[in-house]
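Written out below as structure tokens is the structure these notes cover.
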Amino acid sequence: MPSTSTAPPPGSAGPATASRWVALGVIAVAQLMVALDATIVNVALPTAQASLGFDDAQRSWVITAYTLSFAGLLLLGGRICDRIGRRRALLIGLTGFALSSALAGAAGDLSVLVAGRALQGGCAALMAPAALSLIAVTFTDPRERGKAFGIFGAVASSGAVTGLLLGGALTEYAGWRWCLYVNVVVAAVAIVVARRVLPIGDGYAVRIDVASGVLATGALAAIVFACSNAATYGWGSARVLLAGATGLVLGAAFLVRQARTEHPLLPLMILADRARATAYLATATSVIGTFGMFLMLTYHFQVVLGYSPLHTGLAFLPLNLAVIASSGVASRLMGSVAARALVVPGLVVASAGLGLLTRLEPSSGYLTLILPAMVLVGAGVGCVFTPSIGVATGGIDPRMAGIAAATANTAMQIGGSVGTAALNTIAIDATHGYAGTPVQALVHGFATATSVAAVVLVVVAVVVATSLRSHRADAGQRS
């Protein structure tokens with residue numbers, strides 16, 4: 001089959017140095033749009049609900065329509081990226097993301113808003129693997145690639161907090177619809193610049209397994225549905241058990257199909273490498289920690305402490321800065337230390353931050369408890385994410401670069417979707433079983449959920465310590 005994109009001119013060694021860093025800027029902006037859109041609408045949701053008139057039972061669809069579409073279609077998006085070429089995939093994704101954002105922003109009812117959010121998630125599933133794999137083909141020098149991954153890691157890790165901050169400001173000063181319209185403006189600028197600076201590369205003659213994409217999406221949707229509904233019906237209810245079992249069956253069917261089909265959507269060889277599989281696990285777990293903190297502290301700030309949406313976003317800013325700083329440190333160390341020397345301490349430090357929040361009470365001060373906890377979590381997560389994606393996407397056949405990148409992003413979205421749903425249910429269960437005032441019970445639920453997240457991070461730190469023993473953070477850079 002002929003190539004699906006134009007090859008670079010003969011003798012071309014890739015984009016010039018200045019263009020490479022401008023290209024990284026475009027890639028980082030695309031990833032930031034993907035990451036922050038999972039949370040930017042959270043702060044605006046009460047205002048959107050009042051504007052469109054939907055009830056409390058329906059409001060969760062505004063969030064899950066995006067995350068489920070994104071996570072479920074990421075593997076398919078990675079394969080499409082390999083097929084049509086990374087530059088073309090990113091440009092198509094940016095265009096679709098802008099159009100779907102405009103649709104959601106102009107929504108006159110819930111159904112249009114949810115449809116727009118789902119389309120955003122589908123376009124994000126194309127943008128994310130294209131962005132990550134473009135770094136690998138744009139930066140071939142190990143030192144430059146380490147810096148590029150550090151910048152990318154800081155942007156991706158801080159996207160959720162940036163979404164909360166931007167969402168609060170836009171909701172308060174421009175209206176909730178601008179939390180969606182802003183993507184149109186940013187995407188338009190990114191498309192113009194991307195067409196000039198992104199490297200032109202070939203696609204590969206790979207087949208796209210749509211059936212596997214449906215199985216993966218269905219499995220994740222069923223599991224998230226089960227975790228979410230457990231808060232209302234209980235973990236032992238028929239509704240929850242049936243949904244959970246359906247998710248497991250679909251997930252098993254997906255894996256069986258990948259093992260048997262000639263052109264799998266997710267070649268199991270990607271997961272067969274223990275270090276790469278462990279890197280995916282570490283990435284997913286770090287997201288559980290940050291998303292769990294967003295969920296609990298957003299409610300604590302607004303319900304318990306009475307913060308405004310903008311005040312809530314500003315309160316999260318130290319977490320954002322801590323992630324950026326630690327990602328920068330990790331990127332400089334990637335070429336000289338083993339990945340586990342960064343990831344294991346990062347998980348432990350993030351766990352310590354979550355552990356502080358187990359002491360949360362209605363009277364707890366921001367400066368004395370919440371701020372130190374956020375700084376610890378941010379510092380830890382930055383040290384986990386950057387080397388983990390380096391190991392997860394490095395040392396692999398270039399024809400598999402898109403799918404490896406998609407799997408890394410899928411791990412993040414699964415951690416965010418399933419982890420947040422499960423932690424929310426744990427918090428609600430603990431709240432209902434607590435004998436105290438409503439506010440005390442609410443805070444007790446938050447503390448219980450964060451304690452579970454802290455334990456999960458410690459367990460995964462032990463796994464990483466034993467499974468990344470012989471791998472350096474820059475493993476892919478020497479391949």
(message) Among (1) of a type outside the set (D, E, K, R); (2) surrounded by fewer than 21 Cβ atoms within 10 Å (Cβ to Cβ); (3) in contact with a strand residue (DSSP E or B) (Cβ under 9 Å, 6 or more places away or on another chain), there is one condition SER363 misses while meeting the rest; what is its number?
(response) (3)
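A quick yes/no check of all residues on (1) part of a helix (DSSP H, G or I); (2) over 30 Å from ILE208 (Cβ atoms); (3) over 16 Å from the mean Cα position of the chain (by Cα); (4) at pLDDT below 85:
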{"position": "ALA405", "(1), (2), (3), (4)": "yes, no, no, yes"}
{"position": "GLY415", "(1), (2), (3), (4)": "yes, no, no, yes"}
{"position": "ALA427", "(1), (2), (3), (4)": "yes, yes, yes, yes"}
{"position": "GLN440", "(1), (2), (3), (4)": "yes, yes, yes, no"}
{"position": "ALA449", "(1), (2), (3), (4)": "yes, yes, yes, no"}
{"position": "VAL462", "(1), (2), (3), (4)": "yes, yes, yes, no"}
{"position": "GLN477", "(1), (2), (3), (4)": "yes, no, yes, yes"}
(request) Would you mind stating whether GLY213 is outside the structural domain of ALA338 (by TED's automatic domain parsing) and free of Cβ contacts under 8 Å to residues at least 60 places away in the same chain? (result) no
(request) Output the number of the condition that ALA338 fails; it satisfies all remaining conditions of (1) of a type in the set (Gly, Ala, Ser); (2) under 19 Å from PHE152 (Cα atoms); (3) touching a His at 6+ places or on another chain (Cβ under 7 Å). (result) (2)
(message) Considering only the stretch 307-329, I want to know if a residue exists there that is under 30 Å from PRO438 (Cα atoms), under 19 Å from the mean Cα position of the chain (by Cα) and not in a helix (DSSP H, G or I).
(response) yes
(message) Looking only at residues that are within 24 Å of the chain's Cα centre (by Cα) and assigned to a loop (DSSP other than H, G, I, E, B) in the stretch 199-219, which one is modelled with the lowest pLDDT?
(response) ILE208
(request) Out of ALA222, ALA259, report the one residue that is under 25 Å from the mean Cα position of the chain (by Cα) and either free of Cβ contacts under 8 Å to residues at least 60 places away in the same chain or in a helix (DSSP H, G or I) (or both). (result) ALA222
(message) Among the residues in the stretch 102-110, are any assigned to a helix (DSSP H, G or I), more than 26 Å from VAL381 (Cα to Cα) and free of Cβ contacts under 8 Å to residues at least 60 places away in the same chain?
(response) yes
(message) When you scan the stretch 351-369, do you find a residue that is over 18 Å from ALA282 (Cα atoms), of a type in the set (Val, Ile, Thr) and touching a His at 6+ places or on another chain (Cβ under 9 Å), even just one?
(response) no
(message) Just checking, does the stretch 57-65 include any residue being surrounded by 24 or more Cβ atoms within 10 Å (Cβ to Cβ), part of a helix (DSSP H, G or I) and not basic (Lys, Arg)?
(response) no
(request) Can you work out which of the residues in the stretch 225-235 that are small (Gly, Ala, Ser) and at pLDDT 80 or above is farthest from the chain's Cα centre (by Cα)? (result) GLY234
(message) Given the condition modelled with pLDDT of 90 or more, over 30 Å from ALA174 (Cα atoms), in contact with a Leu (Cβ under 6 Å, 6 or more places away or on another chain) and surrounded by 19 or more Cβ atoms within 10 Å (Cβ to Cβ), answer yes or no: does some residue in the stretch 243-255 qualify?
(response) yes
(message) For the stretch 390-403, give me each residue that is among the small types (Gly, Ala, Ser) and in a helix (DSSP H, G or I).
(response) GLY390, ALA392, ALA401, GLY402
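Per-residue answers, yes or no, for (1) in a helix (DSSP H, G or I); (2) modelled with pLDDT of 80 or more; (3) farther than 23 Å from THR39 by Cβ:
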position	(1), (2), (3)
ALA130	yes, yes, no
VAL137	yes, no, yes
SER158	yes, no, no
LEU165	yes, yes, no
(message) Residue under question is ARG87, and the condition is that it be at pLDDT below 80, in a helix (DSSP H, G or I), under 24 Å from the mean Cα position of the chain (by Cα) and buried (at least 16 other Cβ atoms within 10 Å of the Cβ); does it hold?
(response) no
(request) Go through (1) at pLDDT below 85; (2) within 18 Å of the chain's Cα centre (by Cα); (3) not basic (Lys, Arg) one by one and return the number of the condition THR283 breaks. (result) (1)
(message) Being crowded, with 24+ Cβ neighbours inside 10 Å and in the same structural domain as THR39 (by TED's automatic domain parsing) narrows it down to one residue among GLY122, GLY168; which is it?
(response) GLY168
(request) Evaluate the stretch 279-291: report whether one residue or more is surrounded by fewer than 17 Cβ atoms within 10 Å (Cβ to Cβ) and of a type in the set (A, V, I, L, M, F, W, C). (result) no
(message) For the list (1) surrounded by 14 or more Cβ atoms within 10 Å (Cβ to Cβ); (2) in the same structural domain as VAL460 (by TED's automatic domain parsing), I need the number of the one condition that ARG196 fails.
(response) (1)
(request) For PRO267, indicate whether it is touching a residue at least 12 places away in the same chain (Cβ under 8 Å), assigned to a loop (DSSP other than H, G, I, E, B) and surrounded by fewer than 23 Cβ atoms within 10 Å (Cβ to Cβ). (result) yes
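Residue-by-condition table, conditions (1) crowded, with 24+ Cβ neighbours inside 10 Å; (2) closer than 21 Å to ALA325 by Cα; (3) basic (Lys, Arg); (4) modelled with pLDDT of 85 or more:
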| position | (1), (2), (3), (4) |
| --- | --- |
| ALA352 | no, yes, no, yes |
| ARG359 | no, no, yes, yes |
| PRO387 | yes, yes, no, yes |
| ILE396 | no, no, no, no |
| ALA401 | yes, no, no, no |
(request) Could you pull out the residue among VAL375, VAL343 that is in a helix (DSSP H, G or I), touching a residue at least 40 places away in the same chain (Cβ under 8 Å) and crowded, with 24+ Cβ neighbours inside 10 Å? (result) VAL343
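The values are calculated or read from the model by the stated rules, or taken from the named source; none is laboratory data. The structure displayed is predicted, hence computed values, not measured ones. All Cβ positions, even for glycine, are placed from backbone atoms using ideal geometry, and neighbour counts span all protein chains on display.
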